[in-house]
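Any read-out appearing in this document is the output of simple, stated calculations on the displayed coordinates, not a laboratory observation. Everything numeric in this text was worked out from a predicted model, so none of it was measured. We place every Cβ from the backbone using ideal geometry, glycine too, and count neighbours over all the protein chains shown.
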Amino acid sequence: MLQLTPGDKPIVVKLLEPPGDPTLNGLRDVLIGSIGLTGAILLIAVVSGLVVGGLLFWLRSRQA
């Protein structure tokens, strides 16, 4: 059977702390993203309402 022998030099891993609070950055990104998504949905709803309202107004004016 073949066995692997450990190397001569140990492996040293240095862990670095991220600058600032990572939860605050993540929360800020989530809030900005949700406001952006909500704004896009709101804009689509307003434009769709104006188009349908204009279409109904135009159809009613043609019937009279």
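Please go through the range 8-35 and pick out each residue that is under 16 Å from the mean Cα position of the chain (by Cα) and exposed (fewer than 10 other Cβ atoms within 10 Å of the Cβ).
Correct list: Thr23, Leu24.
Go through the range 4-63 and count every residue that is in a helix (DSSP H, G or I) and not hydroxyl-bearing (Ser, Thr, Tyr).
37
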